[in-house]
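Just so it is clear, none of the values below were taken in a lab; they were calculated from the coordinates. All figures in this text were calculated on a predicted structure; none of them were measured in a lab. Glycine gets a Cβ as well: all are built from the backbone with ideal geometry, and neighbour counts include every protein chain shown.
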Amino acid sequence: MTSQRTRTRMIERLREKGIRNAAVLAAMNAVPRHLFVEEALASRAYEDNALPLGMGQTISQPYIVARMIELLLDGRPSLGKTLEVGAGCGYQAAVLGQLTDEVYAVERIAPLLEKAKTNMRLLQQFNVRLKHADGQMGLPEAAPFDSMIVAAAGSRVPPALLQQLAPGGRLVLPVGTTEQYLSLIECTPQGFVEKRLDAVRFVPLLAGTQ
């Protein structure tokens, strides 16, 4: 059984790597990551690594989850209404759900979505709404969003996501193919402002559903 000590060590590593936001660290500590990985990998759940979920997908490494959410939250009291693209097994959505009352998460692979729904029920985390959909299209029926986070890399920023970003809202996502970087986009009165940040490695952002 995974101990609280292992989870505490994960939080210590996040601090060592530069995560400073106390709310983000508390959210990461609150979500039992071992429940979101395959049982055979549970002993590795709190390592700072991406782990396979099957179907060519991964659960992101804790540092990347914390880093992206910290970028969204920095200097703001709340994430507000949040959209996650690429819910996978639901881990990142569960962390987001610790920081805002309204999370929408879309996943294009139906079996993964069912796994995420099971995990949310297990945690009784009912403020996360999950939908089987093409993430490149966002979720227009629930837009606009104050925060958006994308867990797969496209060759460019999907235009639909920009259209669904609220004034003052933030979008963080990986961009690129062979070489990828984190992009932070803010919707300002003067238009969209982009900052290119860390080099990263994500699975590709694909169109359609399966």
If you wrap region 113-210's Cα atoms in a convex hull and average its projection over all directions, what's the area in nm²?
7.1 nm²
What's the angle, to the nearest 10 degrees (0 to 90), between helix 110-123's Cα axis and the longest principal axis of the chain?
60 degrees
Amide H of LEU165 versus every other amide H placed in the peptide plane: which residues, excluding those fewer than 5 positions away on the same chain, fall under 5 Å?
PHE145
Within the chain, helix-based [θ] at 222 nm, where runs of 4 or more DSSP H residues each add -39,500 (n - 2.57), nearest 500:
-8500 deg cm²/dmol
Of the convex hull drawn through the C-alpha atoms of region 1-109, the volume per residue in Å³ is 92 Å³
Distance between region 115-129 and region 134-169 - C-alpha centres, whole angstrom:
22 Å
Any idea what the dipole of the chain comes to, in debye rounded to 20, about its Cα centre with Lys/Arg Cβ at +1 and Asp/Glu Cβ at -1?
360 debye
Degrees between helix 4-16 axis and first principal axis of the chain (Cα, 0 to 90, nearest 10):
40 degrees
Relative contact order %, the chain, counting alpha carbon pairs below 8 Å whose residues are six or more apart
16 percent
Between their Cα atoms, which of LYS17/LYS115; LYS17/LYS131; LYS81/LYS115; LYS81/LYS131 are more than 27 Å away from each other?
LYS17/LYS115; LYS17/LYS131
Folded to 0 to 90 degrees: helix 62-73 orientation relative to the chain principal axis, Cα
40 degrees
Which of the listed residues, TYR104, SER60, PRO204, is farthest toward the dipole's positive end in the chain, when Lys, Arg count +1 and Asp, Glu count -1 at the beta-carbon?
SER60
Counting Lys and Arg as +1 and Asp and Glu as -1 over every other residue whose Cβ sits under 9 Å from the Cβ of MET148, the net charge comes to -1
Name the residues whose placed amide hydrogens come within less than 5 Å of the amide hydrogen of VAL203, ignoring near sequence neighbours (fewer than 5 apart) on the same chain.
ALA153
The chain: antiparallel bridges as % of DSSP beta bridges, rounded to 5, reads 50 percent
Scanning the chain for trypsin sites (Lys or Arg not before Pro) in DSSP loops with at most 14 other Cβ atoms within 10 Å, what's the longest stretch left with none?
21-155
Taking the chain as a Gaussian network, where each spring joins two C-alpha atoms under 10 Å apart, which residue of ALA66, ALA27, ALA105 fluctuates the most?
ALA27
